[in-house]
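To start, the structure under review is shown below, and the notes come after it.
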Amino acid sequence: MHIVFISSEYPLWSPGGVGSFLKTFGSALVAAGNDVSILGVGSKNEEEYFIDNGMQIYRLPKRKIKLVPGFMHNAIQLNKKIKQLHKENPINIIEAAEGGLALISKKHKIKKVIRLHGGHHFFAEAEKREIDKRKGKLERVSFAKADAFIAVSNYVKKHTEKYLSYGNKPIVVLSHPMDTDLPVPAVTVDPKAILFAGTVCEKKGVQQLIEAFKIVREALPEKELHIYGRDWSFPNGDSYIEMLKSTFDRTYFANVTFHGNIPKETLMNEYAKAAVCVFPSHMETQGLVTLEAMLFARPVVFSKYGPGPETIDHTKNGLLCDVYNPADIAEKIISIFDNPEHAETMGKNARALILKRFNLHTLVADNVDFYKSIL
């Protein structure tokens with residue numbers, strides 16, 4: 001089977017959840033005997049080509065003539081490349097995220113799938129903004145072109161259908177596959193370390209985490225908060241981190257370190273070293289960083305909203321908190337330090353859950369079966 005993914009995200013040049021998914025999932029598809037191509041518009045004047053874990057990755061040329069609208073240029077490049085690849089090696093499935101099929105021509109008689117990673121409509125509520133007319137239209141056009149849908153959680157499936165119609169087309173919930181072959185890194189747990197990973201922005205709950213950590217330090221002054229991920233910028237270019245520092249006095253940032261982006265392999269070690277991992281996100285489709293931390297047997301504090309209850313059985317394999325309430329976040333963090341034996345048990349249960357329910361090889365087979373069912 002030949003599957004083509006439409007995405008400009010990939011870890012070789014762009015961090016992000018979709019890119020991480022493509023690397024893990026695409027590599028496993030290739031290992032299972034499938035052909036995988038990834039198409040996205042790049043930043044150079046010429047096409048770039050990479051091979052990574054057997055996947056063929058194409059970064060198509062950026063727009064050269066400013067008189068040509070960007071969306072038109074991208075549509076021409078993508079459809080031209082799909083036509084070429086289909087001629088060389090017939091494509092069975094084209095897959096994209098929510099808005100990714102909008103520029104794909106209907107002339108391609110290839111089955112098209114949308115995987116719900118969380119689109120413009122989905123995140124509008126968490127970001128407290130109106131639907132952008134252009135982006136909203138692109139998602140509606142994209143949904144109309146899809147032959148089937150895959151949701152990474154029941155939550156993203158139900159929340160998205162508040163805004164967009166699946167049109168009675170096939171839809172299945174298949175969790176985000178994790179690289180369950182990875183062993184737990186052989187590192188020593190730092191009893192002081194609290195870890196957050198993700199974009200440093202409002203919808204990830206970073207402000208509430210900073211407030212919660214101030215409460216934690218009042219009870220446990222030696223604890224440290226390590227924040228990994230890129231700083232988000234407001235539309236005017238202002239830094240979210242600088243906004244936080246201007247909002248709260250300096251005492252809130254004692255023992256807080258903003259590390260920025262770090263290599264994925266390094267982040268894996270940091271997960272394993274952390275005494276507790278905290279992800280108080282206001283809105284997630286599934287929460288990749290939560291799954292990564294659980295894979296490495298760490299006790300996790302996640303949201304009691306959205307997909308949180310789908311992932312975590314509260315007190316058994318992690319803790320769920322009210323992400324809008326810093327006092328509740330702090331209470332959950334402190335409870336982990338107060339009962340290290342229970343925390344260790346939750347971590348072990350978390351890894352067992354990931355190995356069973358988010359098993360890479362099982363989910364790859366389930367995805368391929370779904371692809372075949374719509375061909």
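Figures for the structure shown
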{"quantity": "Selection count where residues are surrounded by 16 or more Cβ atoms within 10 Å (Cβ to Cβ), closer than 24 Å to Ser373 by Cβ and of a type in the set (Gly, Ala, Ser), scope region 23-40", "calculated": "4"}
{"quantity": "Matching residues, region 297-309, being closer than 21 Å to Val18 by Cα and touching a Cys at 6+ places or on another chain (Cβ under 9 Å)", "calculated": "Phe302, Ser303, Gly308"}
{"quantity": "The one condition in (1) out of contact with any Asp or Glu (no Cβ under 9 Å at 6 or more places or on another chain); (2) among the aromatic types (Phe, Trp, Tyr); (3) open to solvent by less than 30 Å² (accessible area, probe 1.4 Å) that Tyr58 fails to fulfil", "calculated": "(1)"}
{"quantity": "Any hit, region 76-92, residues being surrounded by 14 or more Cβ atoms within 10 Å (Cβ to Cβ), part of a loop (DSSP other than H, G, I, E, B) and of a type in the set (D, E, K, R)", "calculated": "no"}
{"quantity": "Those residues of region 327-370 which are within 30 Å of Asn34 (Cα to Cα) and small (Gly, Ala, Ser), in sequence order", "calculated": "Ala352, Ala365"}
{"quantity": "Residue among Ala343, Ala350 that alone is among the small types (Gly, Ala, Ser), outside any loop (DSSP other than H, G, I, E, B) and surrounded by 22 or more Cβ atoms within 10 Å (Cβ to Cβ)", "calculated": "Ala350"}
{"quantity": "Residues of region 108-131 satisfying the condition of being open to solvent by 60 Å² or more (accessible area, probe 1.4 Å), within 24 Å of Gly19 (Cα to Cα) and out of contact with any strand residue (DSSP E or B) (no Cβ under 8 Å at 6 or more places or on another chain)", "calculated": "Glu125, Glu127"}
{"quantity": "Some residue of region 68-75 being under 23 Å from Ala148 (Cα atoms) and either touching a residue at least 24 places away in the same chain (Cβ under 8 Å) or hydrophobic (A, V, I, L, M, F, W, C) (or both)", "calculated": "yes"}
{"quantity": "Of all residues in region 268-296 being open to solvent by 20 Å² or more (accessible area, probe 1.4 Å) and either within 14 Å of Thr345 (Cα to Cα) or aliphatic (A, V, I, L, M) (or both), the one that is modelled with the lowest pLDDT", "calculated": "Leu288"}
{"quantity": "Hey, Lys245 among the charged types (D, E, K, R) and either at pLDDT 95 or above or farther than 25 Å from Pro183 by Cα (or both) or not", "calculated": "yes"}
{"quantity": "Selected residue (only one of Ser20, Ser43, Ser8 is small (Gly, Ala, Ser) and open to solvent by less than 30 Å² (accessible area, probe 1.4 Å))", "calculated": "Ser20"}
{"quantity": "Residue ID - farthest from Val276 (Cα to Cα), chosen from residues in region 315-358 that are of a type in the set (S, T, N, Q) and touching a helix residue (DSSP H, G or I) at 6+ places or on another chain (Cβ under 8 Å)", "calculated": "Asn325"}
{"quantity": "Filter result (open to solvent by 20 Å² or more (accessible area, probe 1.4 Å) and either in a strand (DSSP E or B) or under 12 Å from Ile333 (Cα atoms) (or both)) within region 186-213", "calculated": "Asp190, Pro191, Lys192"}
{"quantity": "Matching entry among Gly347, Gly318 (being at pLDDT 95 or above, of a type in the set (Gly, Ala, Ser) and at positive phi)", "calculated": "Gly318"}
{"quantity": "Qualifying positions in region 314-327 - surrounded by fewer than 21 Cβ atoms within 10 Å (Cβ to Cβ) and either touching a residue at least 40 places away in the same chain (Cβ under 8 Å) or under 17 Å from the mean Cα position of the chain (by Cα) (or both)", "calculated": "Tyr324, Asn325, Ala327"}
{"quantity": "Output for region 175-206, where each listed residue is over 19 Å from Ser239 (Cβ atoms), touching a residue at least 24 places away in the same chain (Cβ under 8 Å) and aliphatic (A, V, I, L, M)", "calculated": "Met178, Leu182, Val184, Val187, Val189, Ala193, Ile194, Leu195"}
{"quantity": "Region 1-21, subset in contact (Cβ under 8 Å) with a residue 24 or more places away in the chain and assigned to a helix (DSSP H, G or I), residue nearest to the chain's Cα centre (by Cα)", "calculated": "Gly17"}
{"quantity": "Scan of region 215-229 for residues that are assigned to a helix (DSSP H, G or I) and touching a residue at least 40 places away in the same chain (Cβ under 8 Å), ordered by number", "calculated": "Ile215, Val216, Ala219"}
{"quantity": "Residue satisfying all of: in region 141-174; crowded, with 17+ Cβ neighbours inside 10 Å and of a type in the set (Lys, Arg); farthest from Tyr305 (Cα to Cα) among these", "calculated": "Lys145"}
{"quantity": "Residue ID - nearest to Phe370 (Cα to Cα), chosen from residues in region 71-122 that are acidic (Asp, Glu) and within 23 Å of the chain's Cα centre (by Cα)", "calculated": "Glu95"}
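The values are calculated or read from the model by the stated rules, or taken from the named source; none is laboratory data. Given the structure is predicted, the values throughout are model-derived calculations rather than measurements. Please note: Cβ atoms are built from the backbone with ideal geometry, for glycine as well, and neighbour counts cover all protein chains shown. Areas reflect the complete protein model, heavy atoms only, side chains present, ligands, DNA and RNA absent. Shrake-Rupley method; radii C 1.70, N 1.55, O 1.52, S 1.80 Å.
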